[in-house]
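Read the structure below first, then the notes.
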Amino acid sequence: MTINKQWWGEFEFKLGETKCWRIDDRQISIRRNPHEWTIWNQETESEMQKPIVVNKPGMDESFEHVDYKRYVLGSTSEQLIIEPSLADRAMIARPSKPLVVLPGEDITVFISTPLWMTILVPQREVPIADIPFWRPSDSWFGPSTMTGDLCYSKYTDAKMDVKNLEKRSHRASTRVTIKNALDEPLNIERINLPVPALKLYVDENGEFWTDHVSILQKIEHSKPISHIRHLPPENVGKMKHVSESRELSKKTSFLSSIKSLVD
């Protein structure tokens, strides 16, 4: 997938001008007025597969029935910054078939997750809007209804071969390595990917990648523990850093119960 025109970065708006970010019927439109930015958010029931295209509304195009919000400022400037961001919650991915990792072995899977369109005005750190190009369904990940996390679900999207991964202009790919240091096989039906803790990059072909996630399953103090590490991709030298993680942290690893990572 090669993206011919970059859909993110700094955009210039004249007063009264409207620009549209489209993925087929999925559309986010932005208009600049003297004291406000108006943003229309036209969602679709299913995820669109075409590349993101930025253009102006058609002559007969109307937003009359599209949901919108008005963001009021003392005055608006000509510039607006569009930043790709990873999801604001962890994402659950599931292999097409459960995986069994034997003791002492490790596997690598690739997971694709949808991007958010973060909209900022110059000189302000807080975005005026943060909109997913495709919002996955909500899901609960944990050992019980009382213990766990509210996540997004994206099933059948953990691939062993990167060539089989969905690569779209509104998605980012994550390489996940899981090593089993337990004395028994590790069964994996679902993976809880902590995307809010990851940084985002873009390669020379315009494809988005996140930090590489490495998970080590082992026994400590008679309990199964997951050591999780996230580091820049191996070929980061050929990539451009696009955005920081939502959950900023100087730590590259942390500990968690095994149930909060895979099941």
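Report, in debye and to the nearest 20, how large the dipole of the chain comes out about its Cα centre when Lys and Arg carry +1 and Asp and Glu carry -1 on their Cβ.
It comes to approximately 340 debye.
Report the local net charge at Gln123: Lys and Arg +1, Asp and Glu -1, summed over other residues whose C-beta lies under 14 Å from its C-beta.
Combined, the nearby Lys, Arg, Asp and Glu give -2.
Quick check: residue separation of Lys163 and Asp67 times 0.36 nm, minus the Cα distance between them. What number comes out in nm?
30.8 nm
For Ser222 and Glu17 in one chain, what is 0.36 nm times their gap in residues minus the Cα-Cα distance, to one decimal in nm?
67.5 nm
Given Cα pairs under 8 Å that are at least 6 residues apart, what percent is the relative contact order of the stretch 9-83? Mind showing how you got there, number by number?
Working: 136 pairs, mean separation 29.9, N = 75.
Relative contact order for the stretch 9-83 comes out at 40 percent.
What do you get for trypsin sites (Lys or Arg not before Pro) in the stretch 1-106 restricted to DSSP loop and a cutoff of at most 12 other Cβ within 10 Å of the site's Cβ?
Lys5, Lys14
Holding the Cα-Cα limit at 26 Å, pick out from Lys159/Lys223; Lys199/Lys238; Lys159/Lys199; Lys14/Lys167; Lys5/Lys238 the pairs that are longer than that.
In this structure, Lys159/Lys223; Lys14/Lys167 lie more than 26 Å apart at Cα.
Please compute the net charge surrounding Tyr201, taking Lys and Arg as +1 and Asp and Glu as -1 over other residues with Cβ under 9 Å from its Cβ. Show your work: numbers first, answer last.
Values: positive: Lys199, Lys240; negative: Asp203, Asp211.
Net local charge, Tyr201 excluded: 0.
Evaluate the chain: find the radius of gyration of its Cα atoms, find its Kirkwood radius, and give the ratio Rg to Rh.
The Rg/Rh ratio comes out at 1.02.
Please list the non-local residues whose amide H lies under 5 Å from the amide H of Ala172, H modeled 1.01 Å from N, same-chain partners needing a gap of 5 or more.
Thr113, Leu115
Each value in this text was obtained by applying a stated rule to the coordinates, not by laboratory testing. This structure is a prediction, so every number in the text was calculated from the model and none was measured. Ideal geometry is used to build each Cβ from the backbone, glycine not excepted, and the neighbour counts take in all protein chains shown.
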